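Remarks on the structure that follows.
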């Protein structure tokens, strides 16, 4: 797969200012994010660590436009997410943001090739199938194109998810505990692949992890606690 390095003219790919996220609950409003300020430069690799419930996954969801900030500013790739409607947020994800979750989120009735190609086809890419095949080959799955997720191991499913995430050379990759459902040996192989693809593409990486070894592979580590950034 030929990877084209993303480009961005601004000094910051991500800029958060006074970000708050409050969600309703049966016992009243819950403050998930409490005034987060953060800047991420293009090409940076950042490990995001902290205890469960500290707001790490919620922060990724806000950056992906899958969760609406309650207040504050959220700029990604030069766009203010709080000003975008759902269609515009979907286009931002399609064009600039790759996401890899702990759960693989593959469509069970689609083959590996279809799981990677369908998002590109929906974006109007006439070469989607060829690009998807090349992406799967780049993660060592060129021989598994016609297999359904249920016919693949956990590590193979996560490699399909990686191929899908990198298929459109995203400016930003958001990875939320991508090895959480894998044994250590398989997880290490997947992370080696993720960092290799990220380095080749020049993609900015924000990696949520409980594994200090993985965080240490990033250029910067940010620590969260109680909905705030406390270090980094």
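Calculate the translational D of the range 84-145 in whole µm² s⁻¹ from Stokes-Einstein, where the hydrodynamic radius comes from the Kirkwood formula applied to all Cα pairs, the temperature is 25 °C and the viscosity 0.890 mPa s.
193 µm²/s
In bins 10 Å wide, starting from 0, what share of all Cα pairs of the range 17-104 does each bin hold, as a percent?
Whole-percent P(r) values from 0 Å outward: 14, 48, 33, 4, 0.
Taking Cα atoms, how many degrees apart are the long axis of helix 112-122 and the longest axis of the chain, rounded to 10 and kept between 0 and 90?
On a 0 to 90 degree scale, this one is about 60.
Treating the angle as unsigned and between 0 and 90°, give the value, to the nearest 10°, between the Cα long axis of helix 154-166 and the longest Cα principal axis of the chain.
Taking Cα atoms only, the helix is inclined about 80 degrees.
Taking only Cα atoms, what is the 0 to 90° angle, nearest 10, from helix 86-96's long axis to the longest principal axis of the chain?
60 degrees
In vacuum, with every alpha carbon of the chain counted as one equal point scatterer, what does the Debye formula give for log10 I(q)/I(0) at q = 0.09, 0.15, 0.16 Å⁻¹? Two decimals, please.
Normalising to I(0) and taking log10 leaves -0.36, -1.02, -1.15.
Set the Förster radius R0 to 22 Å, insert the Cβ-Cβ distance between residue 181 and residue 23 as r into 1/(1 + (r/R0)^6), and round the FRET efficiency to 0.05. Kindly include the intermediate steps, with their values, before the conclusion.
Numbers: r = 25 Å, r/R0 = 1.15.
For R0 = 22 Å, the calculated efficiency reads 0.30.
Over its Cα atoms, what ratio of radius of gyration to 2.2 N^0.38 Å does the range 37-88 give?
Details: Rg = 11.9 Å, N = 52, 2.2 N^0.38 = 9.9 Å.
Dividing the Cα Rg of the range 37-88 by 2.2 N^0.38 Å gives 1.21.
How high is the relative contact order of the chain? Use alpha-carbon pairs under 8 Å, at least six apart in sequence, and give a whole percent.
Working: 449 pairs, mean separation 72.0, N = 232.
Answer for the chain is 31 percent.
Coordinate-derived values only; no laboratory data. Everything numeric here is computed off the predicted structure, so don't read it as measured data. Every residue, glycine among them, receives a Cβ derived from its backbone with ideal geometry; neighbour counts consider all protein chains shown.
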